[in-house]
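**Student:** Pasting a structure here, questions to come.
The values are calculated or read from the model by the stated rules, or taken from the named source; none is laboratory data. Note that this is a predicted model, so its numbers are computed, not measured. Reconstructed Cβ throughout: ideal geometry from the backbone, glycine too, with neighbour counts over all protein chains shown. The accessibility values were calculated without ligands, DNA or RNA, using every heavy atom of the protein model including side chains. Shrake-Rupley method; radii C 1.70, N 1.55, O 1.52, S 1.80 Å.
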Amino acid sequence: MKPKFNLYTIPGQVYYAYSRKIILRGVDGIVFVADSQADRMTENLDSLMDLERNLIDDGLTLQKFPWVLQYNKRDLPRSLPVTELNDKLNFNKVPVVEAVAAKGVGVLETLKAAIYGVVGQVQKVI
């Protein structure tokens with residue numbers, strides 16, 4: 001087999017809800033990028049629940065789907081501790097990567113974790 005990966009980014013704002021629904025059709029893995037700042041938790045949770053609803057509409061669920069959580073903006077002073085982020089967002093105990101994406105920190109590690117998750121899922125099916 002020769003794997004091929006296509007990467008798409010989807011903004012979390014409500015305005016892009018329909019675009020997210022279309023792009024999520026047929027995906028094999030997801031990286032959910034959460035903003036680590038305390039005042040962004042509501043938006044993180046809203047986006048995560050929207051993601052779950054979209055997957056359910058396609059007969060999937062985050063519980064049985066390869067995905068990775070990237071906690072971005074770890075360099076900012078109002079970033080929550082990883083333990084608190086995990087308590088609120090990582091209810092499925094998926095892989096977590098801390099990142100400062102603007103500086104490239106954690107980006108490659110996130111991509112690798114997503115690839116491992118997708119390949120692992122494919123190997124279960126084969």
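**Student:** With the full set of protein chains in place, find how many percent of the accessible area of region 1-110 is carbon and sulfur; take the probe as 1.4 Å.
**Tutor:** 55 percent
**Student:** Within the chain, which is the longest segment that contains none of the chymotrypsin sites (Phe, Trp or Tyr not before Pro) sitting in a DSSP loop with at most 12 other Cβ atoms within 10 Å?
**Tutor:** 9-90
**Student:** Now a separate question. Can you bin region 71-126 into rounded, prolate or oblate? Criterion: square roots of the alpha carbon gyration tensor eigenvalues sorted a ≥ b ≥ c, rounded for a/c under 1.5, prolate for a/b above b/c, oblate for the rest.
**Tutor:** Judged from the Cα gyration tensor, region 71-126 comes out oblate (a/c at least 1.5, b/c at or above a/b).
**Student:** Let me ask something additional. Would you mind computing the Rg to Rh ratio of the chain from its alpha-carbon coordinates, Kirkwood style for Rh?
**Tutor:** Over the Cα atoms of the chain, Rg/Rh equals 0.95.
**Student:** What does the accessible area of Lys73 come to, in Å² to the nearest 10, when a probe of 1.4 Å is used?
**Tutor:** Lys73 has an accessible surface of roughly 80 Å² with all protein chains in place.
**Student:** Can I ask one more? List the relative contact order of the chain as a percent without decimals, with contacts defined as Cα pairs under 8 Å and 6+ residues apart.
**Tutor:** Relative contact order for the chain comes out at 26 percent.
**Student:** Right, something else. May I ask for the angle, rounded to the nearest 10°, between helix 107-125 and the longest principal axis of the chain, with both axes built from Cα atoms and the value confined to 0 to 90°?
**Tutor:** Roughly 30 degrees, rounded to the nearest 10.
**Student:** How big is the accessible area of Met49 in square angstrom, nearest 10, if you roll a 1.4 angstrom probe over the protein chains?
**Tutor:** Met49 exposes around 80 Å² with every protein chain in place.
**Student:** Ranked by accessible surface with a 1.4 Å probe, highest first, in what order do Thr110, Thr9, Thr61, Thr42 come?
**Tutor:** Sorted by accessible area, descending: Thr9, Thr42, Thr61, Thr110.
**Student:** Taking Lys93 as the anchor, which lysines have their alpha carbon closer than 18 Å to its alpha carbon, excluding any fewer than eight residues away along the same chain?
**Tutor:** Within the straight-line limit of under 18 Å, Lys93 reaches these lysines: Lys64, Lys112.
**Student:** If Lys and Arg each add +1 and Asp and Glu each add -1, what is the summed charge of the other residues whose beta carbon sits under 11 Å from the beta carbon of Pro66?
**Tutor:** Every neighbour counted, the sum reads +1.
**Student:** Taking just the alpha carbons, could you work out the radius of gyration and Dmax for region 1-64, both in angstroms?
**Tutor:** Here Rg and the maximum Cα pair distance are 12.7, 44 Å.
**Student:** Amide H to amide H under 5 Å from Val105: which residues, 5+ apart in sequence or cross-chain, H placed 1.01 Å off N in plane?
**Tutor:** Counting only residues 5 or more places away or on other chains, the set is Val100.
**Student:** Keeping all protein chains in place and using 1.4 angstrom, which order do Ile115, Ile30 fall into by accessible surface area, from largest down?
**Tutor:** Final ranking, largest accessible area leading: Ile115, Ile30.
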